[in-house]
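Shown next, in structure tokens, is the structure this report addresses.
The values are calculated or read from the model by the stated rules, or taken from the named source; none is laboratory data. Remember, it's a predicted structure, so these values are computed and weren't measured experimentally. Counting neighbours? That spans all protein chains shown, and the Cβs are built from the backbone with ideal geometry, glycine included. Heads up: the accessible areas ignore ligands, DNA and RNA and are worked out on the full protein's heavy atoms, side chains in. Shrake-Rupley method; radii C 1.70, N 1.55, O 1.52, S 1.80 Å.
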Amino acid sequence: MHQLVYVSTAVEPFSRRDLDELVGGSRVRNEEHGITGFLLHRRGNFLQLLEGEKEEVATLLERLLADRRHRWITRLLEGPVEARTFPGTPLGYQDLDSAAARAVPGFAEYLGESLAGEEMESDPGRAFKLLLLFRP
């Protein structure tokens with residue numbers, strides 16, 4: 001099993017509909033390829049954890065790198081893992097600008113933080129801990 005955690009920045013703001021379409025389409029493709037994970041969005045930045053067979057994750061990363069809707073993809077963590085962090089979840093999703101996110105226990109510590117690559121890159125473990133707050 002292989003895991004990748006990365007951050008990226010949208011080239012243009014995503015509307016609620018854009019985000020819903022992105023998540024819906026990604027869930028279908030991820031399920032087809034045995035990929036699970038979680039996506040966080042905040043103010044035009046994304047933090048995502050992907051996990052699956054190494055070849056499948058690498059193929060998805062290539063697709064992400066070619067996607068012109070975002071830039072500055074920064075890999076924070078990558079490597080083999082013994083078990084999935086988000087088993088059975090083709091793509092969990094949370095908009096960190098929502099009231100629902102603010103209600104998650106432990107999230108208050110992260111309220112003032114950006115998901116921008118240069119900020120997350122300095123402490124990748126903190127990014128992983130943020131994702132874990134939303135694990136079922």
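Classify region 53-125 as rounded, prolate or oblate from the Cα gyration tensor: take a ≥ b ≥ c as the square roots of its eigenvalues, call it rounded if a/c is under 1.5, otherwise prolate when a/b beats b/c and oblate if not. Don't jump to the answer; show the numbers that get you there.
Working: a/c = 1.70, a/b = 1.37, b/c = 1.24.
Here region 53-125 falls in the prolate category.
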Inset, instruction - Compute the Rg to Rh ratio over the chain from the alpha carbon atoms, using the Kirkwood formula for Rh, and round to two decimal places. - result: 0.92
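Net charge near Tyr110: determine it from the other residues with C-beta under 14 Å of the C-beta of Tyr110, scoring Lys and Arg +1 and Asp and Glu -1. If you can, show how the numbers build up before the last one.
Values: positive: Arg42, Arg43, Arg102, Arg126, Lys129; negative: Asp95, Asp97, Glu109, Glu113, Glu119, Asp123.
Local charge sum for Tyr110: -1.
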Inset, instruction - Would you grab the residues whose amide H sits under 5 Å from the one on Val11? Only those 5+ places off in sequence or on another chain, please, with H modelled 1.01 Å from N. - result: His70, Arg71
Legend entry - Fraction of antiparallel bridges per DSSP, the chain only, in percent to nearest 5: 85 percent
Legend entry - Cα-projected label distance for Met1 with Glu53, points at 7 Å along beta-carbon direction, nm: 1.6 nm
Legend entry - Overall form of region 46-88 per C-alpha gyration tensor (a/c, 1.5; a/b vs b/c): prolate
Inset, instruction - Mind grabbing the accessible area of Tyr110 for me, 1.4 Å probe, Å², rounded to tens? - result: 10 Å²
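Around Asp97, what is the net charge, scoring Lys/Arg as +1 and Asp/Glu as -1 over all other residues with Cβ under 13 Å from its Cβ? Display every interim value, and only then the final one.
Working: positive: Arg16, Arg42, Arg43, Arg102; negative: Asp95, Glu113.
Summing Lys/Arg as +1 and Asp/Glu as -1 gives +2.
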Legend entry - Ranked packing of 5-14, 53-62, 96-105, most packed first, by mean Cβ within 10 Å: 5-14, 53-62, 96-105
Inset, instruction - Go ahead and collect, in residue order, the members of region 55-74 whose backbone nitrogen is under 15 Å from a label point 7 Å along the Cα-Cβ direction of Glu121. - result: 71-74
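Could you tell me the relative contact order of the chain? Use alpha-carbon pairs under 8 Å, at least six residues apart, and round to a whole percent.
Working: 228 pairs, mean separation 49.8, N = 136.
In percent, rounded to a whole number, it is 37.
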